[in-house]
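Inspection log for the structure reproduced underneath, given as structure tokens.
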Amino acid sequence: MGKKYEELHKLSRENPDKFWGDIAEEVFWYKKWDNVLDDSNSPFFRWFTGGVTNTCANAIDRWIGKTGEEELPDKSDQPAYIWESPDLGLSRTITYKQLYEEVNEFAGVLKNSGVGKGDRVIIYMPMIPEACVAALACSRIGAIHSIVFAGFSRDSLAFRIDDAKPKLLICADAGYRAGKAVPLKGIVDDALDMASHKPELVIIKDRGLAKPNIVEGRDVFWKDILKEKGEDFVECEKMESTDPLYILYTSGTTGKPKGVLRDTGGHLVALYHSMGSIYDVRDKDVYWAASDIGWVVGHSYIIYGPLFKGLTSIIYEGTPIHPDAGVWFRVIEKYKVNCLFTSPTAFRILKKYPEKDVFGADLSSLRAIFLAGEPLDAPTYKWATKATGNKPIVDHYWQTETGWAILAGHLGTEKVITEETESLPENGFKIKPGSPTWPSWGWELKIVDEEGNEKPAGEKGYLVAMPPTPPGVLLTVYGNDERYIDSYYNDKKFEDNIVYTTGDYAIIDEDGYYYVLGRADEVIKVAGHRLGTREIEEAISSHESVAEVCTIGVADEEKGSVPVAMVVLKPKYDGNDELKKAINNIVRKNVGPIASLHRIEFVTKLPKTRSGKIIRRVIKNLFEDKDVGDLSTIEDPSAVDVVRKAIQGK
Ligand code: AMP
């Protein structure tokens with residue numbers, strides 16, 4: 001293990017005040033903290049209490065000399081964001097100075113529309129710079145943004161509107177994906193019809209891609225309201241470190257997504273530190289997180305993290321294969337990207353294309369690629385290594401809740417060994433395909449069995465974290481402290497000891513390297529995106545023909561896993577292809593196209609326990625052609641054959 005890493009990691013656990021306190025000195029505060037960590041109300045950990053800062057000031061103002069910190073470089077003319085939309089043939093560079101102007105102007109719009117500190121704003125936008133401007137403007141005035149992935153549909157958006165109760169909603173006429181405009185405003189209108197909460201104002205960024213319907217008195221175009229209410233300068237709101245910055249909804253094991261509530265100071269310090277110590281980026285580096293602002297990766301490493309470090313962040317609209325499969329590598333060449341962050345799925349998609357279609361661009365600027373979101377398989381790792389001419393492909397593991405890595409290869413702290421050697425480096429970390437290496441700063445992890453006993457190396461168990469969780473990790477579930485405890489700290493395995501439950505299975509090898517094996521609960525990852533099977537089941541159940549349903553994720557070569565559904569129909573219905581289509585359409589409409597069902601099978605019964613709980617494991621194993629395992633708790637064993645036959649098409 002690396003000595004430097006080991007020492008620092010130990011310090012981060014044994015003396016968090018010193019470890020995080022020193023790092024916090026490097027960011028901007030109006031007033032320094034009284035306490036680095038307040039754990040008096042565990043497990044509601046609070047970082048840098050008494051500290052006063054502002055996220056937007058740290059992202060923008062300090063790089064153009066507006067915070068009075070003399071020793072900092074002036075980055076006024078350096079690009080803060082570069083927007084690239086290859087399908088539309090458009091790109092745009094926004095310097096720190098221009099970003100400052102745009103964010104102030106839009107902060108004026110928010111302020112003059114009655115939005116203030118603590119008010120919520122929903123952002124339902126595609127990958128365009130205005131989405132980042134809107135988020136930064138919210139953080140400037142202390143409003144809490146909640147970005148909703150623009151691929152989510154009406155019901156998902158309506159739920160978030162009702163839960164967050166925003167004063168204002170910001171959207172665009174349309175996104176653009178795979179050569180097609182994807183209209184968004186119609187979904188906003190439908191969601192607002194459906195929701196009980198009605199925001200007073202809807203701001204639409206008109207891209208000229210679709211003709212949005214306008215509701216008089218409620219809807220207004222971005223350019224018009226800028227003229228009317230924009231300002232040249234809006235003071236940054238002085239935010240307590242523990243004040244919320246944003247809400248990001250994520251799927252859990254119930255039908256209702258959880259609003260992950262992020263703080264201001266802990267998020268700032270943790271992300272700032274991760275840029276150097278994990279991703280090894282600095283100065284004027286160009287950082288590209290090829291994700292979407294609707295996911296946590298987009299929040300942390302498109303909008304905020306790179307700017308906290310004064311880097312250039314790429315905002316990419318489109319897919320990895322449009323207009324062709326070489327487009328991503330050409331973007332790296334065009335903007336001399338130093339660090340790319342993406343998901344294994346993206347590479348599994350590219351891997352299907354002939355090398356000549358993908359390779360060829362000059363990747364000499366690239367120092368490393370970071371992958372996260374799902375387990376990294378060895379063939380994809382090998383392909384990525386070859387594609388990049390042997391650059392380090394570094395796996396790291398995290399969750400929406402944590403905001404940054406729980407496990408990572410710390411490229412900025414230790415030397416990386418990419419060669420396939422038997423021995424371990426004395427200093428540095430070796431890349432073991434599929435292993436996100438070691439715990440990040442402040443994380444102490446354990447792998448335990450059903451009773452909470454620690455598992456020996458080589459044995460699979462539940463991955464849990466010992467308190468306190470590090471800075472940047474969720475404050476609570478928005479508006480629902482009880483659900484925060486229930487979801488993350490209510491593990492009956494640990495009666496007297498509060499432990500953060502990740503919901504994942506993991507294994508640690510003899511060398512102390514971790515492997516995350518996948519979810520141990522009813523959450524699935526489709527192409528790296530988290531979906532709750534319960535959310536999909538609720539959509540399916542809303543179809544009039546459905547009596548019972550079970551949705552599970554089954555292994556898929558490209559997407560990691562895909563949702564499939566076993567449906568029991570009400571007596572008078574016939575299970576035909578048309579009905580399958582109708583059910584899938586409901587899922588696409590209510591949850592979103594990413595939840596599209598890979599397969600639907602109609603059955604007469606489902607395997608259940610005597611207490612009536614569907615045994616998902618049995619269905620999953622049958623789909624994946626594995627042994628069904630222990631059937632002692634099943635009420636009606638013939639249900640197994642019914643499901644098996646349906647899967648085999650008999
Ligand atoms: P999300 O909150 O959508 O980012 O999903 C978090 C979940 O993604 C984790 O709980 C894991 O199941 C999975 N995950 C994220 N990164 C990795 C990784 N590097 N290896 C394995 N699984 C991962």
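Summary of values
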item	result
Karplus-derived HN-Hα couplings along region 16-21 (A = 6.51, B = -1.76, C = 1.60, θ = phi - 60°), whole Hz, x at Gly and Pro	x, 4, 6, 4, 6, x
Global form of the chain, assessed from the alpha-carbon gyration tensor, a/c cut-off 1.5	rounded
Dipole-positive endmost among Val448, Phe28, Ala378 within the chain (Cβ charges, Cα centre)	Ala378
Whole-Hz ³J(HN,Hα) from phi, Karplus 6.51 cos²θ - 1.76 cosθ + 1.60, for region 163-168, glycine and proline x	7, 7, 6, x, 6, 8
Listed residues Phe221, Phe370 arranged by accessible area, highest first, probe 1.4 Å	Phe221, Phe370
Per residue solvent-accessible surface (Å²) - the chain, probe of 1.4 Å	39
Under 13 Å, Cβ to Cβ, from Gly2 - net charge with Lys/Arg +1 and Asp/Glu -1	0
Difference of contour (0.36 nm per residue) and Cα-Cα distance, Thr93 to Leu517	148.7 nm
Above-threshold pairs, the threshold being 27 Å between Cα atoms, out of Lys18/Lys492; Lys608/Lys650; Lys75/Lys238	Lys18/Lys492
Furthest towards positive pole of dipole, Ser76, Asn104, Val202, structure part the chain, Cβ charges	Val202
J(HN,Hα) series, region 567-574, from Karplus relation 6.51 cos²θ - 1.76 cosθ + 1.60, nearest Hz, glycine and proline x	10, 9, 8, 5, x, 7, 9, 9
Environment charge at Asn35 (Cβ cut-off 9 Å; Lys +1, Arg +1, Asp -1, Glu -1)	-2
Sequence-distant residues sharing a close amide H with Val260 (under 5 Å, placed H)	Leu248, Tyr249, Thr250, Tyr478
Whole-Å distance, taken between Cα centres, linking region 150-170 and region 615-650	38
Residues in region 589-633 reached by a label modelled at Asp577 [backbone nitrogen below 19 Å; 7 Å Cα→Cβ]	597-603
Inter-probe distance in nm under a simple model that places probes 7 Å from Cα toward Cβ, at Asn41 and Glu451	3.7
Region 523-648: antiparallel DSSP beta bridges as a percent of all, rounded to 5	75
Separation of alpha-carbon centers, region 201-245 and region 346-406, rounded to whole Å	36
Per DSSP, loop trypsin sites (Lys or Arg not before Pro) in region 132-163 with at most 11 further Cβ within 10 Å	none
Sequence of Phe159, Phe48 from largest to smallest accessible area, 1.4 Å probe	Phe159, Phe48
DSSP beta bridges in the chain [antiparallel fraction, %, rounded to 5]	60
Net lengthening on full extension, Asn585/Tyr489 (0.36 nm per residue, minus Cα-Cα)	30.9 nm
Cβ charges +1 (Lys, Arg) and -1 (Asp, Glu), total dipole of region 523-648, debye	280
Leu37, Leu517, ranked by accessible area, largest first (probe 1.4 Å)	Leu517, Leu37
Within the chain: Cβ-based charge dipole about Cα centre, in debye rounded to nearest 20 (Lys, Arg +1; Asp, Glu -1)	1520
With all protein chains modelled, accessible area of His543 [1.4 Å, Å²]	30
Cα-projected label distance for Arg610 with Lys352, points at 7 Å along beta-carbon direction, nm	4.7
Low-density loop positions, trypsin sites (Lys or Arg not before Pro), region 521-617 - DSSP coil, at most 13 other Cβ in 10 Å	Lys572, Arg610, Lys613
Tyr30 accessible area, 1.4 Å probe, all protein chains in place, Å² to nearest 10	80
Inter-centroid distance (Cα atoms) of region 566-593 relative to region 510-551, Å	18
Portion, in percent, of the accessible area of the chain that falls on carbon or sulfur, probe 1.4 Å	47
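The values are calculated or read from the model by the stated rules, or taken from the named source; none is laboratory data. These figures come from a predicted structure and were not determined experimentally. Note that each Cβ is placed from the backbone with ideal geometry, even for glycine, and that neighbours are counted across all protein chains shown. Surface areas here come from the heavy atoms of the whole protein model, side chains and all, with no ligands, DNA or RNA. Shrake-Rupley method; radii C 1.70, N 1.55, O 1.52, S 1.80 Å.
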